[in-house]
Amino acid sequence: MNTTRFLTGITTSGSPHLGNYVGSIRPAVRASLGHNALSFYFLADYHALIKTDNPFRVQRSTLEIAASWLAAGLDPARVIFYRQSDIPEIPELAWFLSCVLGKGVLNRAHAYKAAVDQNVATGADPDADVSVGLFMYPVLMAADILIFNAHQVPVGRDQVQHIEMARDMAGSFNHRYGDHFVIPQAVIEAHVATLPGLDGRKMSKSYDNTILLFSSRADLQKRVYGIVTDSSAPGTPKSTTDCALFQIYQAFANADETAKMQQTFAAGASWAEIKQQVFERIDHEIAPMRGRYQSLIDNPALIEAILADGAARARALAIPLMRQLRHAVGLRDLRTSTPNDDHNTQGAAHPVTATSPQARATRPVFKQYREGDGQFYFKLTDARGRTLLQSTGFDQPQSAAQVILALTTQGAAALTEWAGHLTHGETASDEDIAAALAALVQR
Ligand code: TRP
């Protein structure tokens, strides 16, 4: 139950290229097959709206990126694969987070600052063409992560600041409203290559130097032949240092193949021969996926079904958390009792408080506590203080909270799953427990 949760999002504003494949898709697919973790992969289409106002591009990119992940071997049964805009709890949480984050923090965000700096440099108004969406980008991203209480977020270096901000938001929310969020961590994958593009700079849409992940074999060949090299003639030994072609080859080849390629360079093969070998090596890896990719693109209904299933599983986690958060901040059913705070004690009438005898007499409660053994426990008591359920000890308070959450959202249905962690109170019948949980779920 303490499974590490990984989460990664990809903005759906373009066509996937080899850089995305090497830097993000391939390592994520491998990771999802490997360890015993719960992984979340999502199409960040709300984020895409910050980058483009072309609806066709957003739609097409969402289709292409979803098809690419699936073609590359992402198994939607092993991970939670979904589309951000299918989870309305994400923008709702973003609003909550925006209310606990200082505006000054966002003023210092790299992407926003870069846009402002550029405006200042050209003498324009500092905020010219800067949308509130761009400004709020880190808040939406924090909501993506916190809504699933992800522990680890694999990202490129350019995203580390955003994770710092997500940690900041999680911390200030927890500080005000109690421990609801895991503080997420950025995972920078040092062994994952940053692929150079055609011109040797980082492969990126913004430099227009990309090689599409999925195009025809002929197009792939044409693009690989377009990779810039120096002008050393056939027969002269070639250097692999700072050679984009070599680095791209290396990202696909194993150690033996790479060593052989080094020899080919040293032996003075022509650039044309080398490019042909590089092309064949990339194509060898991509070709088997090409057919799967095309058949997915041709079957958008299948992708929709996969994403709908992912969204349902994601929302099964997001909805109860959001319910808990709404309650925590005070967005509550007005029929539930409110604690007696400074504001409402001034009035004449005495409201029923959570700790008043009336309140205690009318509903069951969960009590969390820590024992001398350092473990975290909880029990469920009924209106008269009788113990209905007693938990075993948990290493982490969050683990205890997770079980309480399941019980307060799913009611008695959650009892079987957590049976190993729960014992019945001595005088409590199954019916007593079911009734108490039903009362809690209803709130
Ligand atoms: N900002 C990320 C990018 O542009 C995409 C993204 C959106 C993301 N939300 C996220 C990544 C949450 C990790 C976690 O690459």
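The values are calculated or read from the model by the stated rules, or taken from the named source; none is laboratory data. Keep in mind that what you see is a predicted model, and the values were worked out from it rather than measured. As a convention, Cβ positions derive from the backbone with ideal geometry for all residues, glycine included, and neighbour counts pool all protein chains shown. Keep in mind that these areas ignore ligands, DNA and RNA; they rest on the heavy atoms of the full protein, side chains included. Shrake-Rupley method; radii C 1.70, N 1.55, O 1.52, S 1.80 Å.
Rolling a 1.4 Å probe across the protein heavy atoms gives segment 4-194 an accessible surface of 44 Å² per residue. To put it simply, the accessible area of segment 4-194 at a 1.4 Å probe is 53 percent carbon and sulfur. Here the spin labels are modelled as points 7 Å beyond Cα on the Cα-Cβ line, and at Asp125 and Ala233 they lie 6.1 nm apart.
A Förster radius of 45 Å, combined with the Cβ-Cβ distance separating Glu417 from Ser204, puts the computed FRET efficiency at roughly 0.50.
Where the only charges are on Cβ atoms (+1 Lys, Arg; -1 Asp, Glu), what is the dipole of segment 214-297 about its Cα centre, to the nearest 20 debye?
In debye, rounded to 20, segment 214-297 gives about 260.
Residue separation of Asp179 and Ile319 scaled by 0.36 nm, minus their Cα-Cα distance, works out to 48.7 nm of gained length. Dividing the summed helix terms, -39500 (n - 2.57) for each DSSP H run of n ≥ 4, by the number of residues in the chain produces a 222 nm estimate of -15500 deg cm²/dmol to the nearest 500.
A DSSP coil position with no more than 10 other Cβ atoms inside 10 Å describes none of the trypsin sites (Lys or Arg not before Pro) in segment 28-72.
If you fit an axis through the alpha-carbon atoms of helix 132-146 and take the longest principal axis of the Cα set of the chain, what angle between them do you get, 0 to 90°, nearest 10? Helix 132-146 sits roughly 70 degrees off the main axis of the chain. Computed over protein heavy atoms with a 1.4 Å probe, the carbon and sulfur contribution to the accessible area of segment 214-297 reaches 53%.
Computed across segment 136-209, the Kirkwood hydrodynamic radius from all distinct Cα-Cα pairs reaches 13.8 Å.
Solvent exposure of segment 214-297, expressed per residue, is 51 Å² of accessible area, with all protein chains present and a 1.4 angstrom probe. Just how many % of Cα pairs in segment 214-297 lie over 15 Å apart, if you round to the nearest whole percent? Considering segment 214-297, 57 percent of its Cα-Cα pairs are separated by more than 15 Å. Calculated translational diffusion coefficient of the chain (4 °C, 1.567 mPa s; Stokes-Einstein with Kirkwood radius over alpha-carbon pairs) equals 51 µm²/s.
Here the simple spin-label model places points 7 Å from the Cα toward Cβ, and for His110 and Ala193 these points are separated by 2.2 nm.
Projecting the Cα atoms of Thr258, Ile227, Phe246 onto the dipole axis of segment 214-297, where Lys and Arg carry +1 and Asp and Glu carry -1 at the beta carbon, places Ile227 farthest toward the positive end.
List, in the order given, every pair from Lys202/Lys275; Lys51/Lys205; Lys51/Lys113; Lys202/Lys222; Lys103/Lys202; Lys238/Lys275 whose Cα-Cα distance in the structure shown is over 21 Å.
Lys103/Lys202
Modelled spin labels at Leu331 and Ala435, positioned 7 Å past Cα toward Cβ, are 3.4 nm from each other.
If only the Cβ of Lys and Arg carry +1 and only the Cβ of Asp and Glu carry -1, the dipole of the chain around its Cα centre is close to 180 debye.
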